[in-house]
1. Which whole-Hz couplings ³J(HN,Hα) result when phi for each residue of region A:175-187 is put into the Karplus expression 6.51 cos²θ - 1.76 cosθ + 1.60, θ = phi - 60°, listed in order with x for Gly and Pro?
2. With Kirkwood's inverse mean 1/r over C-alpha pairs for Rh, give me the Rg to Rh ratio of the protein assembly as shown, two decimals please.
3. Would you mind classifying region A:4-192 by shape? Square roots of the alpha carbon gyration tensor eigenvalues, ordered a ≥ b ≥ c; an a/c under 1.5 is rounded, otherwise it is prolate if a/b is larger than b/c and oblate if not.
4. Determine the relative contact order of region A:4-192: mean sequence separation of Cα pairs under 8 Å and six or more apart, normalised by residue count, in whole percent.
5. Per residue of region B:282-298, in order, report the coupling 6.51 cos²θ - 1.76 cosθ + 1.60 (Karplus, θ = phi - 60°) as ³J(HN,Hα) in whole Hz, putting x for Gly and Pro.
6. Give the cross-link partners of residue A:173 among the aspartates and glutamates, using a straight C-alpha distance below 12 Å as the criterion and excluding same-chain residues fewer than 8 apart.
7. Along the Cα→Cβ direction, 7 angstrom out, place labels at residue B:199 and residue A:129. What is the inter-label distance in nm?
8. Under a plain spin-label model, where a point goes 7 Å from the Cα along Cα-to-Cβ, how far apart in nm are residue B:108 and residue B:173?
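Nothing in this text is a laboratory measurement; each read-out follows from the coordinates by a stated rule. Just so it is clear, the model here is predicted, and its values are computed rather than measured. Cβ placement follows ideal geometry from the backbone for every residue including glycine, while neighbour counts extend to all protein chains displayed.
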Amino acid sequence: MARMKFLCDADRCIECNACVTACKNENEVPWGINRRRVVTINDGKPGERSISMACMHCTDAPCAAVCPVSCFYTTADAVVLHSKDLCIGCGYCFYACPFGAPQYPKVGNFGSRGKMDKCTFCAGGPEADGSQAEFVKYGANRLAEGKLPLCAEMCSTKSLLAGDGDIIAQIYKERVVKRGYGSGAWGWKTAYKETIAS
Amino acid sequence: MAGFLAHARLIIGALALMFVVAAAGPVAAQQPSSVNPSGQAVSEDQLLNALQNSGGIISGRVTIPDARSATLIQPAGQDWRSFHERTLKWIGAISVLGMLVVLVAFYLFRGMIKIERGRSGRVVVRFNAFERFVHWMTAACFIILAISGLNITFGKSLLLPLMGPEAFTGWSQWLKYAHNYLSFPFTIGVVLICLIWIAGNVPNKTDVEWLKRGGGIIGDDHPPAYRFNAGQKMIYWIVVIGGAAVAITGYLLMFPFYGTGVAGMQLSSTIHAIVGVLFVAAMLGHIYIGTIGMEGAFEAMGTGTVDENWAKQHHRLWLEEEAARVGPNDTEAQSRARTAATPAE
């Protein structure tokens, strides 16, 4: 099985936010939650870069390690998913996550947390693949249909890559060689304890 | 005429072309062979290295309204993880189990501390109904807060394999609600405890003497004490200061993003957890001495009265004060009844 990863080529991202919108639409993400967002660093200064970021589906995921009810699991494709039936909305995964991926719908007064929601790599959840129950809780399961996450699939500059980690790393390396520069695979060191030489 | 115009157009066109080529030539020559737009670009390594010294987060600007999403990477989460999964489990296990071991060993060694001269049959009021209500409200909340707090740290290792995922989630979910809602009466209890008993809990000289003589914990010594001895004063200040610490940090966690961001919540959770497990350990000691550890102690908070011989043994100075105030053979209630009756005579 492939080891699924995200890679955002910051030299190509034009901060159009289409990935953000596509994700919200495809997965019918609850109000107030953005599973993916585009962050612009050094905005307006020379060397400004935009990076599209979501759950990176870490190796040895911190969220899974700290979850007090062990509601996380890693699929055969190395996608980190969780069960909303088991989640108690304690907030621990949010404290531990380096990428700010876990978010909670407000279900009561004072921002009390509901069941955690995060990027699923368009791979749904523990329910039967493609079922209505799965869609309501987690959104689309494109992976089960043989498709990759929509954010990356519709990226206009092909800045955001999703798929087998080795293949997208190879694509990125070729780009770096061809154009002669690259600002690195953002988040890879933190998520996968590896980098792509650039 | 037409021939002349055709020639002129050709010449002007040729001149224009020459001009364009001449102008473009030097510009092309000045361009470097390759451009590196990443030369000046921000790099993740640079930003991460900067954070290694100062801590903090890598953040930028986002166009979506949720300002929290502007955080790109927060490496401190890894530290919080290692605290929560390793350090905290050690601190918790050592303090709670360690206290239990010490108490069991102490009980086996010392047994229940008896009232030396036996019960006199005369009682003195030690805690009135309101004091007892405050104590038991806080205590009942504390026990549930402690169980639910320990569950969220140790439940995964101890209970989850026994209960199975669904049952454990149900149990943990209810304990989370209990933890959140009972924090309110608990906090009120801590505030009231602070107010109603502060007068008797200011450290003074008798505490130095009491501590020097080891509080009579070992041997048959009974250093004199007023209403609260140095050990009880310690419990009081643990409850007041520890209670304030868990309340403040707890509310920061319960109301996410109202007072603090993710770094503040990590710090709050760390303080909350450490103070929490130490609090549990201290309260185990408190429960021990108030029940099986000492004869005649539980009734102080149970019925509100203690035997006079118990008071003489453990709180001689307090008993003398009480006797001076209400008369040696009276209970407070009798005294009050008589004072009330006097004007009518």
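1. Karplus values, whole Hz, x for Gly and Pro: 4, 4, 5, 5, 8, x, 7, x, 9, x, 8, 4, x.
2. My calculation of the ratio gives 1.21.
3. prolate
4. With pairs under 8 Å counted, the relative contact order is 29 percent.
5. Couplings: 4, 5, 4, x, 5, 5, 4, 6, x, 10, 6, x, 8, 5, x, 8, 4 Hz.
6. Counting by Cα, and skipping residues close in sequence, residue A:173 has these aspartates and glutamates nearby: A:9.
7. About 7.5 nm separates the two model spin labels.
8. Reported label-point gap for residue B:108 and residue B:173 is 4.3 nm.
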